[in-house]
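The values are calculated or read from the model by the stated rules, or taken from the named source; none is laboratory data. All of these numbers come straight from a predicted model, not from anything done at the bench. Counting neighbours? That spans all protein chains shown, and the Cβs are built from the backbone with ideal geometry, glycine included. All accessible areas refer to the heavy atoms of the entire protein, side chains included, with ligands and DNA or RNA removed. Shrake-Rupley method; radii C 1.70, N 1.55, O 1.52, S 1.80 Å.
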Amino acid sequence: MGYNEHVGIDLHIHSIASDGTLSPDEILSLAPVQRLAAISITDHDTLEGSKAAQQIDCPSGVKLLSGVEISAAPPPFAPFSGSLHILGYGFDLDDSELNQMLLVLQEARRNRNPEILRRLSQLGFDITLDDIVREVGDGQIGRPHIARVMVARGFVHSINEAFDRYIGQGKPAYVDKFRIPCRQALDIVLGAGGIPVLAHPFLLNISNRNDLEHFIISLKEMGLEGIEVYYPEHPPEETRYYEHLAEKLELLMTGGTDFHGSLKPEIQLGTGSGNFHVPYRLYEQLMARLA
Ligand code: AMP
Ligand code: ZN
Ligand code: FE
Ligand code: FE
């Protein structure tokens, strides 16, 4: 397909393999409805969404790029704490090192969930793992699923309230989880033939632009190849700044909605809260790098 400003892409999508609510099949069918010419399913710490999508015939005019969103630990010099999300694109889905690293992260998640439920029960909220499994199906359990069961039980009014009062970072039922060192995440995506990208830089909460620039330069020295410039929660002036940074540091630009289906109902596939748009040429630039 040629260059067309009206045709968009969405390179940040969660499926039922992690904490989204649509299957890869449903996501692929929705893509042309949303006028998307390329998508990537980027589930948290699992390739199951991307692998399932690859087995399905794409609707005509829609291209599929392999994807993942890895929970990484920030390097020691990072000007923030918590989680660093690294997106990977265009890698070999069967790469054994990548698959093995993700198994470690998946096990860390499985070990963490009973501990979150134990803390919730101490707070008077009795939820069993079976309750969550009924909610999630075969996918990997994350905190949004726990939040959804808390809403269904009437323990809280919204998913946000569950995070803000109980399971968000620093709250009484918060349990930290193992994250892969950032350098290793970058190495493994590169080793699998993919492009490692810094997800939603605004969510890192680095308020000083100089600090952010130096942090991204350090990540580039470790192998980072792109920045997720376009993201629904990025304020317009920050988006312009990330575009400038990507050009200055010679990094690729990517963008996506972080679509989670009904777990994040205000965000639509491809269009975010309505006027979000990621141009198709960014996909072509990624493909040029992969070639
Ligand atoms: P987990 O992977 O289990 O640590 O959960 C992280 C996911 O929870 C993120 O990717 C978001 O989708 C979601 N999340 C994190 N914080 C909040 C919040 N305050 N409100 C709603 N969802 C959140
Ligand atoms: Zn998520
Ligand atoms: Fe993320
Ligand atoms: Fe995400």
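General remarks:
- For Val197, the test of being assigned by TED's automatic domain parsing to the domain that holds Ser40, within 16 Å of ligand 4 (Cβ to nearest atom) and in contact with a Pro (Cβ under 8 Å, 6 or more places away or on another chain) is failed.
- Complete set of residues in the range 90-111 that are more than 20 Å from Ser50 (Cβ to Cβ) and over 19 Å from the mean Cα position of the chain (by Cα): Asn111
- Residue match in the range 69-82 (condition: open to solvent by 10 Å² or more (accessible area, probe 1.4 Å) and either more than 25 Å from Ile206 (Cα to Cα) or within 14 Å of ligand 4 (Cβ to nearest atom) (or both)): no
- Spans of helices (runs of 4 or more DSSP H) in the range 129-245 with at least 3 residues farther than 23 Å from His14 by Cβ and open to solvent by less than 60 Å² (accessible area, probe 1.4 Å): 209-221
- Selection status of Leu105, open to solvent by less than 70 Å² (accessible area, probe 1.4 Å), within 16 Å of ligand 4 (Cβ to nearest atom) and under 26 Å from Leu249 (Cα atoms): no
- Taking the criterion of being away from ligand 3 (no atom under 16 Å from the Cβ) and among the basic types (Lys, Arg), the residues of the range 141-164 that qualify are Arg148, Arg153.
- Residue in the range 24-56 that is nearest to ligand 4 (Cβ to nearest atom), counting only those that are closer than 21 Å to Ser273 by Cα and among the polar types (S, T, N, Q): Thr42
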